[in-house]
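Report on the following structure.
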Amino acid sequence: MPGTVKKELVGRHKRLAFMNVSGTDGSSVTYTRMTGFTSLSEGKEATEYSRQYVDEATERTDVVGYATSIDFEFDRYTNDPVCEKLATITDDEIVGTAAQVDIVSVDVFTEDSTGRAIARKRTYSVIPDTAGDSTDALTYSGSFSAASEITKGYCTTTDKWQTCTFTEGEIPEE
């Protein structure tokens, strides 16, 4: 049919995660791709407000908040700044804001002709669970629990999505 847009299934590999491993804030921060992860699944854990009014037969429910977390598991690689940062937090039992990381989630399937893709940035607390739970490789697992609101924006890359730069706001019109 003319004018019909072809739908395509989005592969999981088209949503990439990047971490700020520099420890600096600002618009010029370069985020490093999180590689070697065997699990990186996000749970929204919506908080609901339910009530039933006396003049209605059906209960109403609204979402009033979220307790978002991302369960993770990764194979430990040397010379990988993301692995090193997370392993240090776990192995040295780092606490408080020193155990927080900024993560940008990029939907590379939305990349436009100028190389910009829709992204969301958030600060997470690293909640370690296990280290060394495999005999094949040194593995780490745990979760990232939301420690801030989402900041919507877009990312650009100069190295085929090995690193990216985040910009807050809508993608400008071409």
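Read-outs: derived from the displayed coordinates by stated rules, not from any lab. Here the structure is a predicted model, which is why all the values come from computation and not from measurement. Glycine gets a Cβ as well: all are built from the backbone with ideal geometry, and neighbour counts include every protein chain shown.
Condition first: of a type in the set (Gly, Ala, Ser) and either in contact with a strand residue (DSSP E or B) (Cβ under 9 Å, 6 or more places away or on another chain) or under 25 Å from LYS121 (Cα atoms) (or both). Now tell me which residues in segment 47-69 satisfy that. Matches in segment 47-69: SER50, GLY65, ALA67, SER69. Can you work out which of the residues in segment 32-46 that are assigned to a strand (DSSP E or B) and either at positive phi or hydrophobic (A, V, I, L, M, F, W, C) (or both) is farthest from the chain's Cα centre (by Cα)? Within segment 32-46, the match that is farthest from the chain's Cα centre (by Cα) is ALA46. For PHE166, are the conditions met, namely being more than 22 Å from THR78 (Cα to Cα), in a strand (DSSP E or B) and touching a residue at least 24 places away in the same chain (Cβ under 8 Å)? So PHE166 fits the description; yes.
Note on segment 115-156: residues that are exposed (fewer than 14 other Cβ atoms within 10 Å of the Cβ) and in contact with a Gly (Cβ under 6 Å, 6 or more places away or on another chain) total 1. I'd like to know if segment 86-107 contains one or more residues that are surrounded by fewer than 10 Cβ atoms within 10 Å (Cβ to Cβ), assigned to a loop (DSSP other than H, G, I, E, B), touching a residue at least 60 places away in the same chain (Cβ under 8 Å) and out of contact with any Lys or Arg (no Cβ under 9 Å at 6 or more places or on another chain). Checked against the condition, which is being surrounded by fewer than 10 Cβ atoms within 10 Å (Cβ to Cβ), assigned to a loop (DSSP other than H, G, I, E, B), touching a residue at least 60 places away in the same chain (Cβ under 8 Å) and out of contact with any Lys or Arg (no Cβ under 9 Å at 6 or more places or on another chain), segment 86-107 yields no hits at all.
In segment 117-174, the qualifying residues are those that are within 20 Å of THR38 (Cβ to Cβ) and among the hydrophobic types (A, V, I, L, M, F, W, C), and the one that is nearest to the chain's Cα centre (by Cα) is PHE144. Against the numbered list (1) surrounded by fewer than 14 Cβ atoms within 10 Å (Cβ to Cβ); (2) within 19 Å of GLY142 (Cβ to Cβ), ARG51 comes up short only at (2).
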